[in-house]
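Notes to accompany the following structure.
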Amino acid sequence: MREAEYQSKLKKTIEKRLPGCVVLKTDPSQRQGMPDLLILHNNRWAALEVKRSEKATKRPNQEYYVDKLNNMSYSSFIFPENESEVLNAMERSFET
């Protein structure tokens, strides 16, 4: 599966799991390495860097921004192999 296909499916999954949330696709031309998706839910937010698989390569600055944003709220790399774990952790972060 291509990353774009997975990302589209993932957005629908997040919207089902978090009714009323807003899922935004970031613009990679604005800041290289910024996570792909910004999820807004009530007064909380999360950022997810989408990969098509666990073995997909990471681009420069992606780890930096995932770590930086995770220190502010919640951020993670997500791919099919860890989807459930990441979405569960993201939901828990919205509850606190």
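Just so you know, all these numbers are worked out from the coordinates, no wet-lab data involved. Since we're looking at a predicted model, the values are computed, not measured. Positions of Cβ are generated from backbone atoms using ideal geometry, with glycine treated the same way; all protein chains shown enter the neighbour counts.
Pick from region 10-24 the residues that are among the charged types (D, E, K, R) and surrounded by 13 or more Cβ atoms within 10 Å (Cβ to Cβ): which of them is nearest to Glu49 (Cα to Cα)? Working first, answer last.
Of the residues in region 10-24, the ones among the charged types (D, E, K, R) are 11-12, 15-17.
This time we only want the ones that are surrounded by 13 or more Cβ atoms within 10 Å (Cβ to Cβ), so: 11, 15, 17.
Values: Lys11: 12, Glu15: 17, Arg17: 18 Å.
Within region 10-24, the match that is nearest to Glu49 (Cα to Cα) is Lys11.
Take the residues in region 1-24 that are in a loop (DSSP other than H, G, I, E, B) and of a type outside the set (Lys, Arg); name whichever of them is farthest from Glu91 (Cα to Cα).
We begin by selecting, within region 1-24, every residue in a loop (DSSP other than H, G, I, E, B); these are 1-2, 18-21.
Cutting the leftovers down to of a type outside the set (Lys, Arg) gives us 1, 18-21.
Values: Met1: 25, Leu18: 8, Pro19: 12, Gly20: 13, Cys21: 11 Å.
Per the stated criteria, the residue is Met1.
Within 15 Å of Ser76 (Cα to Cα), touching a helix residue (DSSP H, G or I) at 6+ places or on another chain (Cβ under 8 Å) and exposed (fewer than 13 other Cβ atoms within 10 Å of the Cβ) - does that describe any residue in region 39-53?
yes
Could you list, in sequence order, the residues of region 49-78 that are in contact (Cβ under 8 Å) with a residue 40 or more places away in the chain and either more than 17 Å from Arg17 (Cβ to Cβ) or in contact with a Cys (Cβ under 6 Å, 6 or more places away or on another chain) (or both)? Explain how you work it out, then say what you get.
Looking only at region 49-78, we keep the residues that are in contact (Cβ under 8 Å) with a residue 40 or more places away in the chain, and these are 50-52, 56, 75, 78.
If the condition is that a residue be in contact (Cβ under 8 Å) with a residue 40 or more places away in the chain and either more than 17 Å from Arg17 (Cβ to Cβ) or in contact with a Cys (Cβ under 6 Å, 6 or more places away or on another chain) (or both), then Lys51, Arg52, Ala56, Ser75 are the ones that fit.
Given the structure, is Asp27 in a loop (DSSP other than H, G, I, E, B) and not aliphatic (A, V, I, L, M)?
Values: in a loop (DSSP other than H, G, I, E, B): yes; not aliphatic (A, V, I, L, M): yes.
Taking the combined requirement at face value, the residue satisfies it.
All but one of (1) surrounded by 15 or more Cβ atoms within 10 Å (Cβ to Cβ); (2) under 21 Å from Val22 (Cβ atoms) hold for Glu95, so report the exception by its number.
(1)
Could you tell me which of the residues Asn88, Asn61, Asn42 is within 17 Å of Glu15 (Cα to Cα) and over 14 Å from the mean Cα position of the chain (by Cα)?
Working: Asn88 fails: over 14 Å from the mean Cα position of the chain (by Cα); Asn61 fails: within 17 Å of Glu15 (Cα to Cα).
Only one candidate qualifies: Asn42.
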